[in-house]
Amino acid sequence: MRCWSGVNEVAAAVERVRERIAAAAERAGRQAAAARLVAVSKGAPLELMRQALDAGQLDFGENRVPEALAKQGQLGPEVRWHFVGRLQRNKVRPLLDFVGLIHSVDRVELAQEIDRRASGPVEVLVEVNTSGEPHKAGMNPEDLHDLLEDLSGMAGLRVTGLMTMAPRVSSPEEARPFFRRLARMRDDMQKLFPQMPVHHLSMGMSQDYEIAVEEGATLVRVGEAIFGPRVA
Ligand SMILES: *Cc1c(COP(=O)(O)O)cnc(C)c1O
């Protein structure tokens, strides 16, 4: 099912992606450590995730709660779990037992459910639809201010940044304006909500993560470039 055949393919891919992140950071005058790699392991078997772990990769991203739950029971407590997919309210409770960062809060009802179920403050990012594509996940940029205002009063969660997905592009460079837009929104929100630690920019996938790092990404979410092509 996967294109990778050799045992060390995943480790080599992790290494390669890390090098490219470091090079992109350097081009932008940033520290290499300022952009953290989240290996998006949706659909990837545990065996490949263990290879990434052996290569020192500790941050993993999933987009379905049942899959994340099943894998979480099989890997050690050193793994930091990121949730990057559309989240339904009835799936929030089991996720909160182990998730480190939820990247995809895009409506107040979801935030309220997290707030209600959380035992301590849960770290979340607000997902923004920077391209305005109609069926895309993420909230309307115009509504960001009001949402953050609502979220700032919730003790059960802590907004630490913004997340976006660029459209599918034919050349990575075309993704740049969407990353710029998110970075600008983050800067604006930091000014408007000085009491909130809104610093993270979760942006960049296999197709465009180097551009995202050049534009200030603090988290890049890379799947296929590490684990190989997904079968639909
Ligand atoms: C699948 C996914 C990724 C990773 O995409 P690749 O193209 O495999 O790198 C990143 N972010 C989100 C939200 C995803 O669903």
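Nothing in this text is a laboratory measurement; each read-out follows from the coordinates by a stated rule. Not measured: the values here are computed from a predicted model. Here the Cβ positions follow ideal geometry from the backbone for every residue, glycine too, while neighbour counts run over all protein chains shown.
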Search the structure for amide H atoms under 5 Å from the amide H of ARG158, placed 1.01 Å from N in the peptide plane, and list their residues when 5 or more places away or on another chain.
VAL122, GLU123, VAL124
Per-residue [θ]222 nm for the chain (sum of -39500 (n - 2.57) over DSSP H runs n ≥ 4, rounded to 500)
-11000 deg cm²/dmol
List the residues, sorted by chain then number, that are 5 or more residues from GLY223 or on another chain and whose placed amide H is less than 5 Å from its amide H.
VAL40, SER206
³J(HN,Hα) across segment 84-89 via Karplus (A = 6.51, B = -1.76, C = 1.60, θ = phi - 60°), whole Hz, x for Gly/Pro?
10, x, 5, 10, 8, 4
Taking the alpha-carbon distance from LYS71 and a cut-off under 23 Å, which lysines remain once sequence neighbours fewer than 8 residues away in the same chain are dropped?
LYS42, LYS91
Cα-Cα pairs in segment 160-232 separated by more than 22 Å, as a whole percent of all pairs, come to 25
Based on the alpha-carbon set only, what is the convex hull volume of segment 27-67 divided per residue, in Å³?
94
Note, ASP143: beta-carbon cut-off 11 Å, +1 each Lys/Arg, -1 each Asp/Glu, net -4
Residues whose built amide H sits under 5 Å from the amide H of GLU127, excluding neighbours closer than 5 in sequence, are VAL105, ASP106, MET139, MET163
